[in-house]
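The values are calculated or read from the model by the stated rules, or taken from the named source; none is laboratory data. Being a predicted model, the structure only gives us computed values, none of them experimental. Counting neighbours? That spans all protein chains shown, and the Cβs are built from the backbone with ideal geometry, glycine included.
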Amino acid sequence: MANLIIVGDSIRNPEIRHELPLAVPDPFVYVEGDGRRLAILTSFEVGRARALGIDGLEVRALEEYGADEMVSRGLQLEDINREVSLIACRELGLTEVVAPATFPLEIADHLRAGGVQIRADRDLFSLRRRVKNEHELAGIRRAQRACEAAMDVARDLLRRAEPNSGALHLDGEPLTCERVKAAIETVFSEHGVTAEESIVSHGPQTAVGHDMGSGAIGPNEPVLVDLFPRDRESGCHADMTRTFAVGTPPEELAQQQQLVKEALDRSVAEARPGVHGTAVYRLVCDLFHEHGFPTQLSKQPGEVLEDGFYHGLGHGIGVEVHEHPYLSRSGDELMAGDVITIEPGLYRKGFGGCRLEDLVLVTDDGAEKLTSYPYDLAP
């Protein structure tokens, strides 16, 4: 067991959320070493943390480390956490610890001044989070079900809309990206997930990466819906994308969709432990090359692609929406317990594009697709 320390709140800090699967808005201290695991929080949070009943985790209150005396000296919570970090390391007999790359510098300086050597180890913390625990996987599954329910609502709005003066109308009003997003947010709230933003884009917007989308949706044009909500209970995300067209999709969009779906199917079939993400990415690029589309593997060094397949194939997902492993030019080897997205896409600037994205759990002998949703362009 590594000697390690993390300090932060579990809403913004993914490393500490993995160790204590609870939304704690104030920063707290987590220390691990000598066969023990300590989570040291304000008394306000101790009861909730203990109620989780996490095996082997000692939940302690700041008062047990002299916080009352520190307050009498005028120390604030950030100062108290700095002092408690050193006290906890000494309690466990730790003279060397590792921390996430984002560890607070002022606490690191205080530990060093107190005789505790500390260094960042990004890879160690990435690996700890890759294999999802039962609590995280349940949250990802809940978030994915919320994605599918929200996609149903978006698809229903598109299905019921009628062309009128070059735009889609529904119930006498233009059907806009903003209107679809509002309906999606309602579904998310009902399913216990949150999202700061969702992508609902149309027309040429669909070829511009993470363009969140705006304005009135027209008939016969691509409509891209990319949802990545966060489960409130676990803090874990899902991620899902579908592309639609109301009316008659252009032949170019139909060709994009056919190739992207083939790329998705091939990629899911390749997902298993020991397979390198870059190898799966190359497989998809080869398919697109065969049909004349540029990719990051065919472009010239320094060239910025705006057409073809210009992004990675997928990424890990959990307490962050983008995390290791990656399926890209600089990818990672897959391992059992990874939850990954696979999201091939094809685009042309000024026209639009198609992206399809599924969620996959890497198992001991292959992969389980967590997404269960149709791929048709027609809503």
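Quick one: how many residues across the stretch 3-21 are assigned to a loop (DSSP other than H, G, I, E, B) and either in contact (Cβ under 8 Å) with a residue 12 or more places away in the chain or over 28 Å from V321 (Cβ atoms) (or both)? Talk me through it step by step, then tell me what you get.
First, the residues of the stretch 3-21 that are assigned to a loop (DSSP other than H, G, I, E, B): 3, 9-13, 20-21.
Narrowing the set further to residues that are either in contact (Cβ under 8 Å) with a residue 12 or more places away in the chain or over 28 Å from V321 (Cβ atoms) (or both) leaves 3, 9-11, 13, 20-21.
Here the count works out to 7.
Got a number for residues in the stretch 25-39 being within 20 Å of S234 (Cα to Cα) and of a type in the set (V, I, T)? Here the count works out to 1. Check whether at least one residue in the stretch 271-286 is closer than 30 Å to A51 by Cβ and not assigned by TED's automatic domain parsing to the domain that holds R48, and report yes or no. No - not one qualifying residue is present in the stretch 271-286.
Quick check on L359: is it buried (at least 24 other Cβ atoms within 10 Å of the Cβ), in a strand (DSSP E or B) and either over 16 Å from the mean Cα position of the chain (by Cα) or outside the structural domain of T194 (by TED's automatic domain parsing) (or both)? Criteria not met by L359. The requirement of being surrounded by 15 or more Cβ atoms within 10 Å (Cβ to Cβ) and either under 26 Å from the mean Cα position of the chain (by Cα) or without any contact (Cβ under 8 Å) to a residue 12 or more places away in the chain (or both) is fulfilled nowhere in the stretch 80-88; no residue meets it.
Of note, A150 does not satisfy the criterion of being surrounded by fewer than 17 Cβ atoms within 10 Å (Cβ to Cβ) and in a helix (DSSP H, G or I).
Selection within the stretch 179-215: residues that are among the polar types (S, T, N, Q) and crowded, with 20+ Cβ neighbours inside 10 Å. The member of this set that is farthest from M151 (Cα to Cα) is Q205. Residue count for the stretch 248-267, restricted to those that are buried (at least 24 other Cβ atoms within 10 Å of the Cβ) and either touching a His at 6+ places or on another chain (Cβ under 7 Å) or outside any helix (DSSP H, G or I) (or both): 0. Among residues of the stretch 281-327 being within 16 Å of the chain's Cα centre (by Cα) and among the charged types (D, E, K, R), the one that is surrounded by the fewest Cβ atoms within 10 Å (Cβ to Cβ) is E320.
Checking V180, V84 one by one, the residue that is of a type outside the set (D, E) and within 30 Å of V339 (Cα to Cα) is V180 and no other.
Selection of strands (runs of 3 or more DSSP E) fully inside the stretch 172-247 by the criterion of at least 2 residues being at pLDDT 95 or above and within 21 Å of G316 (Cα to Cα) returns 223-227, 240-244. Going through (1) at pLDDT 95 or above; (2) assigned by TED's automatic domain parsing to the domain that holds S234; (3) surrounded by fewer than 17 Cβ atoms within 10 Å (Cβ to Cβ); (4) not in a helix (DSSP H, G or I) one by one, G353 falls short only on (3).
Among the numbered criteria (1) among the basic types (K, R); (2) touching a residue at least 40 places away in the same chain (Cβ under 8 Å); (3) out of contact with any Phe, Trp or Tyr (no Cβ under 6 Å at 6 or more places or on another chain), which single criterion is violated by R282? It is condition (2) that R282 fails.
Mind counting the residues in the stretch 76-120 that are part of a strand (DSSP E or B) and polar (S, T, N, Q)?
First pass over the stretch 76-120, keeping only residues part of a strand (DSSP E or B): 96-99, 117-120.
Checking which are polar (S, T, N, Q) leaves us with 117.
Final tally of qualifying residues: 1.
With assigned to a strand (DSSP E or B) and either modelled with pLDDT of 95 or more or of a type in the set (V, I, T) (or both) as the only criterion, which of V24, V31, V46 stands out?
Working: V24 fails: assigned to a strand (DSSP E or B); V46 fails: assigned to a strand (DSSP E or B).
Result: V31 is the single residue among V24, V31, V46 that is assigned to a strand (DSSP E or B) and either modelled with pLDDT of 95 or more or of a type in the set (V, I, T) (or both).
Residue-wise test of (1) farther than 22 Å from G345 by Cβ; (2) of a type in the set (A, V, I, L, M); (3) touching a strand residue (DSSP E or B) at 6+ places or on another chain (Cβ under 8 Å).
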| position | (1), (2), (3) |
| --- | --- |
| Q144 | no, no, yes |
| D156 | yes, no, no |
| H169 | yes, no, yes |
| T186 | yes, no, no |
| H191 | yes, no, no |
| T194 | yes, no, yes |
| V200 | no, yes, yes |
| Q205 | no, no, yes |
| G209 | no, no, no |
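In the stretch 153-178, of all residues being under 16 Å from L224 (Cβ atoms) and charged (D, E, K, R), the one that is surrounded by the most Cβ atoms within 10 Å (Cβ to Cβ) corresponds to R155.
Could you tell me which numbered condition D239 fails, if it satisfies all but one of (1) touching a Cys at 6+ places or on another chain (Cβ under 9 Å); (2) at positive phi? Only one criterion is unmet by D239, namely (2). The one condition from (1) charged (D, E, K, R); (2) buried (at least 17 other Cβ atoms within 10 Å of the Cβ); (3) assigned to a strand (DSSP E or B) that E58 does not meet is (2).
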